[in-house]
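The structure under discussion appears below in the form of structure tokens.
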Amino acid sequence: MSTAKDAAPFKAEADDDGNFVRQQSAFRRFVSREPGAEFPPEAGRYHLYVSYACPWASRTLVVRKLKGLEDAIAVTIVDPVRDERGWRFGDGSAANGEPDPLHGWTYLSEGYALTDQGFDGRVTVPVLWDTKTNTAVNNESSEIIRMLNSEFDEFATHPEVDLYPEERRDAIDALNVRSCDTDDIGVYRSGFASTQSAYEENVVPLFESLEWLEELLSTKRYLTGDQITEADWRLAMTLFRFDPVYVGHFKCNIKRIVDLPNLWAYTRELYQHPGVAETVDFDHIKRHYYVTHPTINPTGVVPVGPEIDWNEPHGRG
């Protein structure tokens with residue numbers, strides 16, 4: 001007889017009631033401008049390993065783009081299709097991601113093993129890699145985007161961009177907690193739930209939160225007011241994937257984002273922000289989810305739709 005853990009896509013990340021429990025990030029060191037820091041900021045020293053498919057990794061791509069750090073921090077895009085061996089490097093084609101330029105690795109797990117020989121969890125992206133000491137510095141996206149926002153300003157084309165301004169930090173932190181727990185992880189808790197009760201316990205609060213955001217955005221242009229911040233970009237990664245993937249694949253189908261007029265206009269505005277669309281690849285996103293999770297979609301068939309006009313005027317100016 002199968003158990004809830006047996007049915008879960010990630011067996012080590014499910015409790016006995018069928019709830020998805022996301023693992024904690026393994027590497028939590030920091031690039032810092034503080035004197036004597038173990039990892040000081042340097043142009044060309046650090047490398048990002050990311051997937052277009054992963055919402056957490058995509059946060060780092062957006063912040064890197066908005067800060068203008070493309071020349072200071074190189075990026076490698078992994079293959080969107082992951083198997084039991086984890087994220088793998090591609091063949092250089094647009095569809096399959098890029099080869100590893102630093103070590104010639106086949107799988108990102110080789111970098112995890114080099115950093116921590118005892119690591120036995122799920123290999124995740126993003127990873128901020130230090131080429132000088134040949135080790136992973138950090139694989140927690142919320143911390144990597146803070147480093148990109150503040151620690152590399154001397155190498156940034158847009159050092160004036162501040163996504164975590166001091167006067168808004170309390171509001172940003174509160175929104176991040178709510179958004180991460182209910183929305184960002186909420187879609188995964190709904191989609192990876194292996195019992196009916198676990199699914200319903202997570203999908204209902206998810207849509208309550210979306211309705212709360214719909215009301216909030218009826219009076220505010222961005223989550224904290226008139227300035228776009230880290231909180232907006234963290235939420236955006238979930239919103240971009242919601243209708244193309246989460247509605248169908250993760251059974252988050254009480255409503256679509258296009259059914260919530262304020263939230264849908266806000267989502268389009270974020271997508272249309274200069275440079276952001278370059279960091280979004282819906283082919284990678286859809287193939288990753290529909291092919292990588294055989295317990296949810298055993299056929300591996302990737303749906304053709306939905307048709308979405310991401311460039312429709314958002315009217316939020």
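Side notes on the structure shown:
- Odd one out for Gly275 among (1) over 20 Å from the mean Cα position of the chain (by Cα); (2) at positive phi: (1)
- Among the numbered conditions (1) surrounded by 13 or more Cβ atoms within 10 Å (Cβ to Cβ); (2) part of a loop (DSSP other than H, G, I, E, B), the only one that Asp71 does not meet is (1).
- When every residue of region 246-255 is checked against the conditions, none turns out to be surrounded by fewer than 20 Cβ atoms within 10 Å (Cβ to Cβ) and closer than 26 Å to Asp170 by Cβ.
- For Phe119, the criteria (1) at pLDDT below 95; (2) hydrophobic (A, V, I, L, M, F, W, C); (3) within 26 Å of Phe282 (Cα to Cα) hold in every case but one, which is (3).
- Subset of region 208-226 (residues that are buried (at least 18 other Cβ atoms within 10 Å of the Cβ) and of a type in the set (D, E, K, R)): Glu214
- The set of residues from region 257-269 being touching a residue at least 40 places away in the same chain (Cβ under 8 Å), under 17 Å from Asp183 (Cα atoms) and surrounded by fewer than 22 Cβ atoms within 10 Å (Cβ to Cβ) comprises Val258, Leu260, Asn262.
- Residue count for region 259-317, restricted to those that are of a type in the set (Gly, Ala, Ser), in contact with a Pro (Cβ under 8 Å, 6 or more places away or on another chain) and at pLDDT below 95: 0.
- Total residues in region 134-158 satisfying the condition of being of a type in the set (Val, Ile, Thr) and either under 15 Å from Glu34 (Cβ atoms) or in a strand (DSSP E or B) (or both): the figure is 2.
- Top-ranked residue of region 164-207 - restricted to ones that are out of contact with any Pro (no Cβ under 7 Å at 6 or more places or on another chain) and outside any helix (DSSP H, G or I), ranked as surrounded by the most Cβ atoms within 10 Å (Cβ to Cβ): Ala193
- Odd one out for Pro101 among (1) touching a residue at least 60 places away in the same chain (Cβ under 8 Å); (2) part of a loop (DSSP other than H, G, I, E, B); (3) not acidic (Asp, Glu): (1)
- Test: residue in region 14-25 that is in contact with an Asp or Glu (Cβ under 7 Å, 6 or more places away or on another chain), modelled with pLDDT under 95, outside any loop (DSSP other than H, G, I, E, B) and farther than 21 Å from Thr131 by Cβ: yes
The values are calculated or read from the model by the stated rules, or taken from the named source; none is laboratory data. Since the structure is predicted, the reported quantities are computational estimates derived from the model, not experimental observations. For neighbour counting, all protein chains shown are included, and Cβ atoms are generated from backbone atoms with ideal geometry for every residue, glycine included.
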